[in-house]
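The values are calculated or read from the model by the stated rules, or taken from the named source; none is laboratory data. Values in this document were obtained by computation on a predicted structure and should not be read as measured data. Cβ atoms come from the backbone with ideal geometry, glycine included; neighbour counts cover every protein chain shown. Protein only, heavy atoms only, side chains kept; ligands, DNA and RNA dropped before computing areas. Shrake-Rupley method; radii C 1.70, N 1.55, O 1.52, S 1.80 Å.
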Amino acid sequence: MDCFLKQKIKLTIWLFRYEVTGIRPEYLRDAMPLKLVQRRIQDILCNGEPLWKIRPRSYGRARILVGHIVDHDLERLGLDYPAFMIRDTAKYPPLMKTSKLSNTLKYLTQAYLGYDVHTGIQDPYEDCVAAMRLYIRMRSQAHPRDYASGSGEVQNNYPAWRQREMERMSPEELLALSGSDYYCWCLDP
């Protein structure tokens, strides 16, 4: 009876995993070992540059990683990659809800690109293309690049002794002084 119960549990787990991921056991028989997959992905991302040598603002040969909920994928693969080299459509402030929660890739694709994804089975390639198109769309937004906004650092260059002057400014004047507190993708090389 114990053996029968174990087989039933294994079958239930397999059916659940197949329904969610679409991966069958026969797909994994001749698959690469995880360590080799990790090494290959790290080589592709770093492009021959050591991971410790990658620095913000001087990317060198390393590649920018674009995706939706990327940290989940990296965690599952057991990989580390510098956060400043990741462009996650789920965490980019202009694409998030006002409550700072992320939107689904399906919603973002429909709202910003005008077409539907996930119309049937979820396809990783389709997700990849949608995330890349969102990144390109956000990166190509036209706005002046000579302003302090988008550097990822809130810059308060207004001295405290001029507080009264700021209080008398119109909203338009205050907006002209303000800057974003996130790194704008339009600054990518």
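Computed values, structure above
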quantity	calculated
Selection status of Leu74, within 29 Å of Leu34 (Cα to Cα), among the hydrophobic types (A, V, I, L, M, F, W, C), part of a helix (DSSP H, G or I) and within 15 Å of the chain's Cα centre (by Cα)	yes
Breaking point among (1) at pLDDT below 80; (2) touching a strand residue (DSSP E or B) at 6+ places or on another chain (Cβ under 6 Å), for Arg87	(1)
Qualifying residues in region 109-133 (those that are in contact with a helix residue (DSSP H, G or I) (Cβ under 6 Å, 6 or more places away or on another chain) and hydrophobic (A, V, I, L, M, F, W, C)) - the one most open to solvent (accessible area, probe 1.4 Å)	Leu113
Pair list, Cβ < 6 Å and 6+ apart or interchain, from region 110-135 residues that are at pLDDT 90 or above and of a type in the set (Asp, Glu) to residues that are open to solvent by less than 60 Å² (accessible area, probe 1.4 Å) and outside any helix (DSSP H, G or I)	Glu126/Val117
Complete set of residues in region 77-108 that are over 23 Å from Leu187 (Cβ atoms) and either free of Cβ contacts under 8 Å to residues at least 24 places away in the same chain or outside any loop (DSSP other than H, G, I, E, B) (or both)	Leu77, Lys97, Thr98, Ser99, Leu101, Thr104, Leu105, Lys106, Tyr107
